[in-house]
1. Got a sec? Which of Arg5, Arg12, Arg26, Arg35 is closer than 14 Å to His58 by Cα and of a type in the set (Lys, Arg)?
2. Evaluate the following for His8: is it modelled with pLDDT of 95 or more and open to solvent by 30 Å² or more (accessible area, probe 1.4 Å)?
3. I need the full set of residues from region 11-26 which are in a helix (DSSP H, G or I) and either open to solvent by 70 Å² or more (accessible area, probe 1.4 Å) or closer than 13 Å to Phe65 by Cα (or both), in order please.
4. Can you report the number of residues in region 33-65 which are within 14 Å of Ala19 (Cα to Cα) and surrounded by 14 or more Cβ atoms within 10 Å (Cβ to Cβ)?
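The values are calculated or read from the model by the stated rules, or taken from the named source; none is laboratory data. Here the structure is a predicted model, which means the values were calculated and not measured. So basically every Cβ, Gly included, is an ideal-geometry build from the backbone, and we count neighbours across all protein chains shown. Protein only, heavy atoms only, side chains kept; ligands, DNA and RNA dropped before computing areas. Shrake-Rupley method; radii C 1.70, N 1.55, O 1.52, S 1.80 Å.
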Amino acid sequence: MRGGRAEHYFKRAVRAEPADAEAMGRYATFLWKARNDLAAAEETYQEAIAAEPSNSHHAAAYAHFLWNTGGDDTCYPLD
């Protein structure tokens, strides 16, 4: 499976304590671009935002994802 090793390390990174928002954001992008798993990517972008709400990079990455995937049905409010 392509990207299997990368996914293994992403999963380890996002389970780390305390939560690593940067790793979550990168994993979300991997899920979107490499796996085309839009539902998991959206959830992971939201987790990155929740882990570090003061970092606007995560909200911007999520907005970029929504813009490019046509995510009109999202329920996550962007302030």
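1. Unique residue meeting the criteria: Arg26.
2. Values: modelled with pLDDT of 95 or more: no; open to solvent by 30 Å² or more (accessible area, probe 1.4 Å): yes.
No: the conditions fail for His8.
3. Answer for region 11-26, where residues must be in a helix (DSSP H, G or I) and either open to solvent by 70 Å² or more (accessible area, probe 1.4 Å) or closer than 13 Å to Phe65 by Cα (or both): Lys11, Arg12, Glu22, Gly25, Arg26.
4. Matching residues across region 33-65 total 10.
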